[in-house]
Amino acid sequence: MREDMKTVIADTFTHMLEKEDLDKITVKRLIEECRISRQTFYYHFHDIMDVLDWAFKKATQEVAEKSLKAENRMDAVRFFVSFVREHRSKLERLLYSRKWVQIEGMLVESAMMYLDTLVRVKAPDLSISYDDREVLLRFYASGMVGVLLQYAGKQRVNEERLIMQIERIITGKM
């Protein structure tokens, strides 16, 4: 039941984010939309940024699960790029938030989680130290987030070419 309530709160928050900037969403307004008590909210989350972080992690898990079922790397990257396209308006709202630095860190952590999941499943024999793996994942995640955010706001993006380019970068072919 606890996860269900967290999902309700996060989904309500996400719907609110479609219509307004993050800086205007307060705990008070969120609990009113959810029709829950303040105590219920604070039982599940510390603050609005905690809701955002949980929502990012949940969405990342879902995208990773879909990506792992993909027939090839291109389709795996396609899931990630499609997710960014589908949530473009929300991401743009986050870009202009006063908490952008914290949000960017959450996005990079989510991308790292996504890439780490793919590596563990698709390349389980990868022999690399923990420290090197951490730096490598952060490097690729930071790059992916940066590139996707740059292209997310543009209407005329050749998405297939972008997917091929990202896949070539990830595989070291570019």
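If you roll a 1.4 angstrom probe over the protein chains with everything in place, what fraction of the accessible area of the chain belongs to carbon and sulfur, to the nearest %?
Numbers: 5630 of 10920 Å².
Solvent-exposed carbon and sulfur of the chain make up 52 percent of the total.
If you average the C-alpha positions of segment 1-67 and of segment 121-174 separately, how far apart do those two centres end up, in angstrom?
What the calculation gives is 27 Å, centre to centre.
What aspartates and glutamates could a cross-link reach from residue 66, if we take a straight Cα to Cα line under 12 Å and drop same-chain neighbours fewer than 8 places away?
Cross-link targets: 75.
Are there trypsin sites (Lys or Arg not before Pro) in segment 91-174 that DSSP puts in a loop and that have at most 11 other Cβ atoms within 10 Å, and which ones?
Values: sites: 93, 98, 99, 120, 122, 133, 138, 154, 156, 161, 168, 173; in loops: 98, 99, 154, 156, 173.
Those satisfying the criteria are 98, 154, 156, 173.
Which one, 81, 70, 40, is farthest towards the positive end of the dipole of segment 1-101 when Lys and Arg carry +1 and Asp and Glu -1 on their Cβ?
Going by the Cα projections, it comes out as 81.
Before rounding to the nearest 500, sum -39500 (n - 2.57) across all DSSP H runs of length at least 4 in the chain and divide by the residue total; then give [θ] at 222 nm in deg cm²/dmol. Mind showing how you got there, number by number?
Numbers: 9 runs with 135 residues, N = 174.
Dividing the helical sum by the residues of the chain leaves -25500 deg cm²/dmol.
Per-residue counts of other Cβ atoms within 10 Å, averaged by peptide: what ranking do you get for 142-149, 18-25, highest first? Please list the in-between numbers first.
Numbers: 142-149: 17.8, 18-25: 14.0.
Descending packing order for the listed peptides: 142-149, 18-25.
Can you tell me which lysines have their Cα less than 25 Å from the Cα of residue 69? Leave out same-chain residues fewer than eight positions away.
Hits, sequence-local ones excluded: 57, 58, 122, 173.
Report the relative contact order of the chain, percent, no decimals, based on alpha-carbon pairs under 8 angstrom and at least 6 residues apart.
Working: 122 pairs, mean separation 41.1, N = 174.
About 24 percent, as a whole number.
Once you charge only the Cβ atoms, +1 for Lys and Arg and -1 for Asp and Glu, what is the size of the charge dipole of the chain about its Cα centre, to the nearest 20 debye? Walk me through the numbers on the way to the answer.
Values: 29 positive and 28 negative charges, 77 e Å.
Taking the Cα centre of the chain as origin, the dipole is about 360 debye.
Modelling each spin label as a point 7 Å along the Cα-to-Cβ direction, I'd like the residue 19/residue 92 distance in nm, to one decimal.
Label-label distance for residue 19 and residue 92, simple model: 1.9 nm.
The values are calculated or read from the model by the stated rules, or taken from the named source; none is laboratory data. What you are looking at is a predicted structure, and each value in this text was computed from that prediction instead of being measured. Ideal geometry is used to build each Cβ from the backbone, glycine not excepted, and the neighbour counts take in all protein chains shown. Accessible surface is based on the protein model in full, side chains and every heavy atom, while ligands, DNA and RNA are left aside. Shrake-Rupley method; radii C 1.70, N 1.55, O 1.52, S 1.80 Å.
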